[in-house]
Amino acid sequence: MSDIGTSINRQALLTELQQAFDERTAGVLLNVLDKVVTQIYQVGVPREDFRELKQTVAELAEAQRRTEERVAELVEVQQRTEQQIGELAEAQQRTEERIGSLELAVERLTEAQQRTEERVAELAEAQRRSEERLGRLESAIEQLVHAIDGLRKQVGGLSDMMGGDIEDVAHGVVYATLRREFGWQVSMLERVWKTWDDEPEEVDIFGTAMDPTKPERKIWIVGEAKRNLTLREVEKFSEQLKRARENLPGEIFPLCFCYRARPEVQEAAQNAGIRLIFSNGKLI
């Protein structure tokens, strides 16, 4: 090796190369430099040219170092980019999960809405059936009302007929009972209308009687005829007697003719001073 080669401090050069390259690359470059130095020595390159060559190699090494630094920076940028991409991917995943949850919630709401609509339809159908039943019921009630009205008219007619029959029977029974029990001379008894206190009202049994033992005594027969005498009818007849006493001069003989009367009704009549004559002629 020439004095050029011997003047090169291989260890120092290796150290410089290792600052820019890894150990293996620095070793390869050092061997290449050895060969270059040998060739330069063989062709007789001047020392100044060698120094230029060395300077060029140093510049190349510096350029390589800067390149590697740039590459390292690019690698770091790439890592940051990949990290950002990873973060974006994670954010995207979270977004997709939220979207999935939202879609699931929407699906459940849709199902609930569908069930609600089905329930509403069922209720509407039930309401329709109820209205149909109500319509049929109203029609049946209307028919029943007509039937009841007809029955009421029939019962009213029958009641009038039976009332007339009861009064006819009452007139005969009362006439015979008063003659038998008191020996009175009784006029013909009848149903009449009297205007007392400016209000016309019907009296079922009305007439006069005379006691032969007391010819001056004038007796008015005022009575009520009912098939089944009730407390309410006793009270109503008592009110009629008050008006009769205010409008008829003389003595009034009040009585109720009936087929039946419960014990409490008989007691109420007696307390009111009303005599009872039953259809069999019994006087109490």
### Query
Taking the Cα centre of each part, how many Å lie between region 101-132 and region 231-263?
71 Å
### Message
How much accessible area per residue does region 202-284 have, counting only protein heavy atoms and a probe of 1.4 Å, in square angstrom?
### Response
51 Å²
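When the solvent-accessible surface of protein heavy atoms is calculated with a 1.4 angstrom probe, in what order do 282, 35 fall, highest first? The partial results should precede the final answer.
Working: 282 115, 35 135 Å².
Reading off the accessible areas and sorting them downward yields 35, 282.
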### Summary
With a 1.4 angstrom probe the carbon and sulfur portion of accessible area for region 183-233, in percent, totals 48 percent
### Query
When Lys and Arg each count +1 and Asp and Glu each count -1, what net charge do the other residues less than 12 Å away from residue 129, Cβ to Cβ, add up to?
-1
### Shape category assigned to region 227-284 from the gyration tensor of Cα positions, a/c cut at 1.5
prolate
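Just reorder 119, 128 by solvent-accessible area, largest first, 1.4 Å probe, all chains present. Intermediate results must be reported in sequence, preceding the final value.
Working: 119 135, 128 100 Å².
Correct descending sequence by accessible area is 119, 128.
Holding the Cα-Cα limit at 23 Å, pick out from 214/242; 194/242; 214/236; 194/282 the pairs that are longer than that. Please list the in-between numbers first.
Numbers: 214/242 25 Å; 194/242 13 Å; 214/236 32 Å; 194/282 28 Å.
The answer is 214/242; 214/236; 194/282.
D for region 66-141, whole µm²/s, Stokes-Einstein with Kirkwood Rh over alpha-carbon pairs at 4 °C and 1.567 mPa s: what number? Write down the numbers at each step before the final one.
Working: Rh = 18.3 Å.
Calculated translational D: 71 µm²/s.
The values are calculated or read from the model by the stated rules, or taken from the named source; none is laboratory data. Not measured: the values here are computed from a predicted model. Glycine also receives a Cβ, built like all others from the backbone with ideal geometry; neighbour counts cover every protein chain displayed. What goes into the accessible areas is simple: the full protein's heavy atoms, side chains included, and nothing from ligands, DNA or RNA. Shrake-Rupley method; radii C 1.70, N 1.55, O 1.52, S 1.80 Å.
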